[in-house]
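Undergrad: Please see the structure below; I have some questions.
Coordinate-derived values only; no laboratory data. These figures come from a predicted structure and were not determined experimentally. Heads up, the Cβs are rebuilt from the backbone with ideal geometry, glycines too, and the neighbour counts pull from every protein chain shown.
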Amino acid sequence: MTENPESAPSRTVRLGLLGCGTVGGALVELVAERADDIAARTGVRLVVSRVAVRDVSRDRGLPLGDAVVTDDPAAVVAADDVDVVVEVVGGLEPAHALTVAALSSGKPVVSANKELLAHHGAALFELADAHGVDLLFEAAVAGGIPFVRPLRESLVGEDVTRVVGIINGTTNYILTKMTEEGWTYAEALAEAQALGYAEADPTADVGGFDAGAKAAIIATIAFGVAVSAADVHHEGITEVSADDIATARRLGYQIKLVAVAERFDDGSVAVRVHPAMVPDAHPLAAVRDSFNAVFVEGRAVGDLMFYGRGAGGGPTGSAVLGDVIDAAVNLTKGAHASLGTFGEVTLRPQSELPAACYLAVEVADRPGVLATVAGVFGAHGVSIRSMEQVGSDTDATARLVFITHVAREADVEATLDELRSLDVVASIDSVIRVLGDA
Ligand SMILES: NC(=O)c1ccc[n+]([C@@H]2O[C@H](COP(=O)([O-])OP(=O)(O)OC[C@H]3O[C@@H](n4cnc5c(N)ncnc54)[C@H](OP(=O)(O)O)[C@@H]3O)[C@@H](O)[C@H]2O)c1
């Protein structure tokens, strides 16, 4: 689309980028490609006026035009020719101090930084509100998937009860390869690293911390309470075995790393990241490779799913660009999108959460053992939905696989503790929650 000469002249909004790496670089390219179209559609002409990077000497091969490139991000925030600050530096500092400085001086901020928002989100939203400016962060939660804006705007009147996300592409890629190609965890991780999906130190992804930061932001927005990364319970995928994957397939499940943000009737909230057996019929089971999806359950709206690319320069840059346009248009109208205020969160303890579980137990292959083991479940009020013997590793032992009905996690833990103490139980090899109604 080209600018309509009959339309009102566009107002220029000048961008100051803090960072120009994967996301910042993609944004610079998108602004150059799309500026005419955006001006024609919105009346706002975007121009990148300043860019802060660490290494100013590197030729980035980007259409930076007349933009000033500096290694002083604070100067970009303070510059008179910067109207909107785009924080794509990453990490907690200096991103936090720079964001506070920008908002405090009345400049809107667009950020892709999950770490920053998961640690300081509620305070930063209140600071933005106090100064009457936008703080927008679509890219921080699910990369290119428009999810924060629908949650904040379309669903603002909805009673959202639970959000379940596959929001880490690296772990979803690893689990997909283990499931579909029969690779071991180590083989799938090595391939993810070779493809650039996983860092040399993959802990943030495989330990569930990246997904946990995003889940904290989701819970804050969905439930209107201040949830931080420290409030999230994490379990990663490093213990998921080829046996678990094979058993899950046979029983009609896919193993996924899920982030679950949930609000209970008493107002308490739980946010956790863990591997889960997802029934084949659930829409999240079809989310393969490095794709992400977020599944929302609301009392009136029912079930919704948002699906797409959760990372990568293009998808993430696209989400940042959407926010930049919003902030720029709001600026020209003297408006901003308020996030409201955030109450203190009441966290429901992990032990009180309801969960159905898959358990794999290696037992002595002797008469009466099954009744003994089943009796332990019953004694702790954990009812068994299905059980099967999946073959012996040796002549002396048998592997029993249980799926329980929904039970309190504390009762499942007590069951496991007692099972471990039995001499007929050789080992408990796996405990994986089953995604369902609870
Ligand atoms: N990459 C993705 O797919 C993705 C997806 C969703 C969200 N995000 C988020 O987007 C943000 C940016 O990620 P990215 O992948 O674009 O990171 P990146 O490629 O590492 O880029 C970071 C940029 O910040 C600059 N920088 C870092 N510290 C600086 C400092 N103290 N002063 C000035 N410049 C500094 C770097 O300069 P040099 O170039 O000179 O080193 C680089 O240009 C992060 O918060 C990340 O979590 C990324």
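Undergrad: Measure off 7 Å from each Cα along the Cα-to-Cβ vector at residue 384 and residue 92, then give the distance between these two points in nanometres to one decimal.
TA: Each label point is offset 7 Å from its Cα along the Cβ direction, giving 4.6 nm.
Undergrad: While we're on this one: Give me the number: length gained by fully extending residue 33 to residue 59, i.e. 0.36 nm times residue separation minus the C-alpha to C-alpha distance, one decimal in nm.
TA: So the extension gain works out to 7.4 nm.
Undergrad: Let me ask something else. Computed over the Cα atoms of the stretch 354-434, what is the convex hull's projected area averaged over all directions, in nm²?
TA: 4.5 nm²
Undergrad: How high is the FRET efficiency from residue 303 to residue 153, r the C-beta distance, R0 22 Å, rounded to 0.05?
TA: Taking R0 as 22 Å, the efficiency between residue 303 and residue 153 is 0.70.
Undergrad: Then there is this: What length, rounded to one decimal in nm, is gained on full extension from residue 422 through to residue 66, with 0.36 nm per residue of separation minus their alpha-carbon distance?
TA: Result: 120.8 nm gained on full extension.
Undergrad: Over 19 Å, how big is the tail of the calculated P(r) for the stretch 279-394, in percent of all Cα pairs?
TA: That fraction is 75 percent.
Undergrad: With no solvent and one equal point scatterer per Cα, compute the Debye intensity ratio I(q)/I(0) for the chain at 0.07 Å⁻¹ and report its log10, rounded to two decimals.
TA: For the chain, the Cα-only Debye profile gives -0.40.
Undergrad: Let me ask something additional. Mind pulling the angle between the C-alpha long axis of helix 209-223 and the longest principal axis of the chain? Nearest 10 degrees, somewhere in 0 to 90.
TA: 70 degrees
Undergrad: Next question. Please report the antiparallel percentage of the DSSP beta bridges confined to the chain, to the nearest 5.
TA: Taking every DSSP beta bridge within the chain, about 65 percent pair in antiparallel fashion.
Undergrad: Right, next: So which GluC sites (Glu not before Pro) in the stretch 231-313 are both in a DSSP loop and have at most 16 other Cβ atoms within 10 Å of their Cβ?
TA: Sparse-neighbourhood loop GluC sites (Glu not before Pro): 239.
Undergrad: Taking just the alpha-carbon atoms of the stretch 54-118, what radius of gyration and Dmax come out, in angstrom?
TA: My reading of the Cα-based Rg and Dmax gives 12.3, 35 Å.
Undergrad: Let me ask something else. Count neighbours as other Cβ atoms within 10 Å of each site's Cβ, and list the trypsin sites (Lys or Arg not before Pro) in the stretch 284-390 that are DSSP loop with at most 12 such neighbours.
TA: Filter output for the stretch 284-390: 299.
Undergrad: Where the only charges are on Cβ atoms (+1 Lys, Arg; -1 Asp, Glu), what is the dipole of the stretch 354-434 about its Cα centre, to the nearest 20 debye?
TA: For this selection, approximately 280 debye.
Undergrad: Distance between the C-alpha centers of the stretch 174-214 and the stretch 40-67? Whole Å please.
TA: After rounding, the separation between the Cα centres reads 33 Å.
Undergrad: Hey, got the dipole for the chain? About the Cα centre, +1 on K and R Cβ, -1 on D and E Cβ, debye to the nearest 20?
TA: Once rounded to the nearest 20, the dipole reads 740 debye.
Undergrad: Please state the equivalent ellipsoid semi-axes for the stretch 27-182: what are the square roots of 5 times the Cα gyration tensor eigenvalues, largest first, in whole Å?
TA: 29, 22, 18
Undergrad: Give the peptides 132-141, 399-408 in descending order of average Cβ contacts within 10 Å, highest first.
TA: Taking the mean over residues of other Cβ atoms within 10 Å, the ranking is 132-141, 399-408.
Undergrad: One quarter of the convex hull surface, Cα atoms only: what value does that give for the stretch 309-349 in nm²?
TA: 5.2 nm²
Undergrad: Take peptides 268-276, 151-159 and line them up by average Cβ neighbours within 10 Å, highest first, as a rough protection proxy.
TA: 268-276, 151-159
Undergrad: Given a cut-off of 27 Å, what percent of all Cα-Cα pairs of the stretch 148-309 lie beyond it?
TA: Tail fraction, whole percent: 23.
Undergrad: Shifting gears a bit: Which order do the peptides 80-86, 22-28 come out in when sorted by mean C-beta neighbours inside 10 angstrom, highest first?
TA: 22-28, 80-86
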